[in-house]
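K.L.:
Take a look at this one; I'll ask things after.
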Amino acid sequence: MNIAIVKLSAMGDIVHAMVVLQYIKKSRPEIEIDWIVEDRFSSILEGNPHIDNILPVNLKSMKKNKKQIFKQISLVKEYRNHHYDLVIDAQGLLKSAIVAKLLGKKRAGFSKGSIREGIASYFYSQKVEIAYDANTIDRNAKVLCEPLDVDISTEMIRNKEAFLFYKEDDILSLLSHEKKNIVFIIGSTWKSRNYPKEKFAEIANALKENILIAWGSDSEKEDAEWIASTSTGVTVLPKSSLNALKAIIGGCDLLIGNDTGPTHMAWGLNIPSVTIFGPTPTNRVYETSINKVINSCSEVNHYKLNKNDFSIQEIEVEQILTIAKELLYA
């Protein structure tokens, strides 16, 4: 049986969906799984033994160049030659639903009431019902497993094997053999989701370990360099590939970061982490014995996130330090 999973973006969403692959393959080893993904995120999937083919697209390019529409449609139609028995749209957007339609006749996805862009559900022959404000990982698990008659429980997800893989990378030379290695993820897609750089510096100075700061934009790099200039034992990581990012997170003792894709990699790698939440819901993730969350006092509306909610700035450094020390030294 050949299936195609359409999960185009973003980094954290892809990570949260990947967890079920190990259980699909265990329950249905005869299934071959292809994954259609935006090319800038394709290397997140690389090395996963449960994916047979990673098939990149570049739908984002169509926003800048309308001629790209025809190129991308042609590319997806080429992928259709894999003759899929089932296409599962785990994204739930109109664009992903159109991709699913181009890939095969039998399609599964979220029901109209389970997604923001309800029109997408009209493209599916099988519809999966789950609350829009349910846990993000549970939503991905249900939409991917139900059409395949695969049962997956919360306990199975909590006891998962690490499912992100990477090749050796020069970045690993920055890991210390004398001190604990802690990765900071200081950026995200919105400013209001970012814990203040001043407080990250306080955490670094309090822990006095080998702190490695990842960044993804010029402004994040400036903030990282500021933290390094005001703290001891802090290294700003070089501009890195996704393989290098997976490698450094996979080699660290603890990750502390905002609610964003690289932070969720720690969960996928079974690395201890503290995820800091402000204007986004904490049920985007699973809290485990080694993956902890801390959130501000604001009430979050799943259906209408408030980008002007800067309550994350009010979280006390000591709250994060308490959790970090428990994970590092317990």
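Each value in this text was obtained by applying a stated rule to the coordinates, not by laboratory testing. Since the structure is predicted, the reported quantities are computational estimates derived from the model, not experimental observations. When we count neighbours, we look across all protein chains shown, and the Cβ atoms used for this are built from the backbone with ideal geometry, even at glycine.
K.L.:
Which of the residue pairs LYS26/LYS101; LYS7/LYS95; LYS67/LYS95; LYS246/LYS304 have a Cα-Cα distance greater than 21 Å in the structure shown?
P.N.:
LYS26/LYS101; LYS246/LYS304
K.L.:
Report, in whole Å, the centroid distance computed from the Cα atoms of segment 253-278 and segment 101-148.
P.N.:
27 Å
K.L.:
Have a look at MET156, LEU172, ALA204 and report the one farthest towards the positive end of the charge dipole of the chain, computed about the Cα centre with Cβ charges (Lys/Arg +1, Asp/Glu -1).
P.N.:
Positive-most Cα among the choices belongs to MET156.
K.L.:
Then there's this: Counting only pairs 8 or more residues apart or on different chains, how many lysine pairs in segment 106-229 have their Cα atoms under 20 Å apart?
P.N.:
The result is 15.
K.L.:
May I pose another question? Pick out, in residue order, every one of the GluC sites (Glu not before Pro) in segment 1-47 that is DSSP loop and has at most 10 other C-beta atoms within 10 Å; say none if there are none.
P.N.:
GLU30
K.L.:
Something else about it: Quick one: if you take sqrt(5λ) for each eigenvalue of the C-alpha gyration tensor of the chain, what semi-axes come out, biggest first, whole angstrom?
P.N.:
35, 20, 20
K.L.:
On to the next question. Hey, can you list the DSSP H helices of the chain whose Cα span along the axis is 30 Å or longer and whose average Kyte-Doolittle score is at least 0.0?
P.N.:
What comes out of the filter, once short or polar helices are dropped, is none.
K.L.:
GNM on the chain, C-alpha springs below 10 Å: top fluctuator among ASP13, ASP85, ASP34?
P.N.:
Of the options given, ASP85 has the highest mean-square fluctuation.
K.L.:
Bin width 5 Å, alpha-carbon pairs only: give the P(r) of segment 170-329 as whole percents, running from 0 to the bin holding the largest distance.
P.N.:
Histogramming segment 170-329 at 5 Å steps yields 2, 10, 20, 24, 23, 14, 6, 2, 0, 0 percent.
K.L.:
Stretched out fully, how many nm does the piece from THR235 to PHE70 gain, at 0.36 nm a residue minus the Cα gap?
P.N.:
Working: separation 165, 0.36 × 165 = 59.40 nm, distance 4.46 nm.
That pair, THR235 and PHE70, stretches by 54.9 nm at full extension.
K.L.:
LEU94 versus LYS60, label points 7 Å from Cα toward the beta carbon: distance in nm?
P.N.:
Once both label points are built, they end up 2.1 nm from each other.
K.L.:
Which ordering of CYS145, CYS252 is given by a fewest-first count of other beta-carbon atoms within 10 Å? Show your work: numbers first, answer last.
P.N.:
Values: CYS145 19, CYS252 22.
Fewest to most other Cβ atoms nearby, the residues stand as CYS145, CYS252.
K.L.:
Show me, for segment 42-53, the HN-Hα J-couplings you get by feeding each phi into the Karplus relation (A = 6.51, B = -1.76, C = 1.60, θ = phi - 60°), rounded to Hz, glycine and proline as x.
P.N.:
4, 6, 4, 7, 4, x, 6, x, 8, 10, 7, 9
K.L.:
Within 10 Å of each residue's Cβ, count the other Cβ atoms and sort LYS197, LYS307 from fewest upward.
P.N.:
Arranged by neighbour count, lowest to highest, LYS197, LYS307 become LYS307, LYS197.
K.L.:
Using the Karplus equation 6.51 cos²θ - 1.76 cosθ + 1.60 (θ = phi - 60°), what ³J(HN,Hα) coupling, rounded to whole Hz, does each residue of segment 152-168 give in order, writing x for Gly and Pro?
P.N.:
9, 10, 4, 5, 4, 5, 5, 9, 4, 8, 4, 10, 10, 10, 8, 8, 4
K.L.:
Suppose we keep just the alpha-carbon trace of segment 2-158; what are its Rg and Dmax in angstrom?
P.N.:
Reported Rg and Dmax, both Å: 14.6, 47.
K.L.:
If you filter segment 249-330 for GluC sites (Glu not before Pro), then keep DSSP loop positions with at most 12 other Cβ within 10 Å, what is left?
P.N.:
GLU299, GLU316
K.L.:
Further question: For a quick check: sort SER153, SER9 by the number of other beta carbons within 10 angstrom, fewest at the front.
P.N.:
SER153, SER9
K.L.:
Using 0.36 nm per residue of separation minus the Cα-Cα distance, give me the extension gain between ASN205 and SER173 in nm, one decimal.
P.N.:
Contour length minus Cα-Cα distance gives 9.3 nm.
K.L.:
Something else: List the GluC sites (Glu not before Pro) within segment 55-130 that fall in a DSSP loop (any state other than H, G, I, E or B) and whose Cβ has at most 14 other Cβ atoms within 10 Å.
P.N.:
GLU129
K.L.:
Right, something else. Could you work out how far apart the two model spin labels at TYR303 and SER125 are, taking each label as a point 7 Å from the Cα in the direction of the beta carbon, and quote it in nm?
P.N.:
Going by the 7 Å Cα→Cβ label model, 3.3 nm.
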